[in-house]
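The values are calculated or read from the model by the stated rules, or taken from the named source; none is laboratory data. This is a predicted model, so every value here is computed, not measured. Note that each Cβ is placed from the backbone with ideal geometry, even for glycine, and that neighbours are counted across all protein chains shown. Areas reflect the complete protein model, heavy atoms only, side chains present, ligands, DNA and RNA absent. Shrake-Rupley method; radii C 1.70, N 1.55, O 1.52, S 1.80 Å.
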Amino acid sequence: MPEVPTEDESGIETVTDGYFEEEYYIGAEDAGEFLIELGEQFTDDGEITITGEGWELPFAFGEPVKLDIE
């Protein structure tokens, strides 16, 4: 049985299992800020969290990191 996403007290849904896809169209400045924040998380420790409106996706990672750009 698939794991049910959890929701914390702030109403943020934490997605930890299954398939999740979200598509955004944003300006170059916002995209740059997102990538900088993501890069800072990679250098902090072995886990990153990507967030959106009402959801978050935590990821643990190891070395080497696989990067797919589409």
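A few points about this structure:
- Residues of segment 27-70 that are among the hydroxyl-bearing types (S, T, Y) and closer than 20 Å to D17 by Cα: T49, T51.
- If you filter segment 6-17 down to residues that are open to solvent by 70 Å² or more (accessible area, probe 1.4 Å) and at pLDDT 70 or above, you find that the one that is nearest to E53 (Cα to Cα) is T16.
- Residues that are surrounded by 10 or more Cβ atoms within 10 Å (Cβ to Cβ) and either within 19 Å of E13 (Cα to Cα) or at pLDDT 90 or above (or both), drawn from segment 43-57: E47, I48, T49, I50, T51, G52, G54, W55, E56, L57
- Among (1) surrounded by 12 or more Cβ atoms within 10 Å (Cβ to Cβ); (2) touching a Gly at 6+ places or on another chain (Cβ under 8 Å); (3) not aliphatic (A, V, I, L, M) - the single one E37 does not satisfy: (2)
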